[in-house]
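Nothing in this text is a laboratory measurement; each read-out follows from the coordinates by a stated rule. As the structure is a computational prediction, the values presented were derived from the model and not from experiment.
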Amino acid sequence: MTPHAMEKEGEVCWNELMARDSAAGFEFYSELFQWKIVDRMDMGPMGTYLIYGIGERPFAV
C-alpha cells in the first residue's frame, strides 16, 4: 500500500476504534486484513493506543 492524497475504493479511511475488548477487535481485523500492531502508546487510564500496519509500515497514524 503506497501513500496518496485521497482514499481509494476498498481502502480504510477511518482509523480509530474504541472497544471494550481490544484483543478481540485486533484478532478480528488482523485476520480480516492481515494487520499487525506496529506500535503502542500508553494513554494512562484510557488504556493503550494501538497503531496497526501492514508489515512494518504503520498506516493508522
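Worth a mention:
- Amide H contacts under 5 Å for Val38, placed H, 5+ residues apart: Ile51, Tyr52, Gly53
- Note that the stretch 31-38 has calculated 3J(HN,Hα) couplings of 6, 6, 10, 6, 6, 9, 7, 9 Hz, one per residue in order, obtained from phi through the Karplus relation 6.51 cos²θ - 1.76 cosθ + 1.60 (θ = phi - 60°); glycine and proline are x.
- Phi-based couplings in Hz for the stretch 41-53 (Karplus 6.51, -1.76, 1.60; Gly and Pro marked x): 9, 6, 9, x, x, 7, x, 10, 8, 9, 10, 8, x
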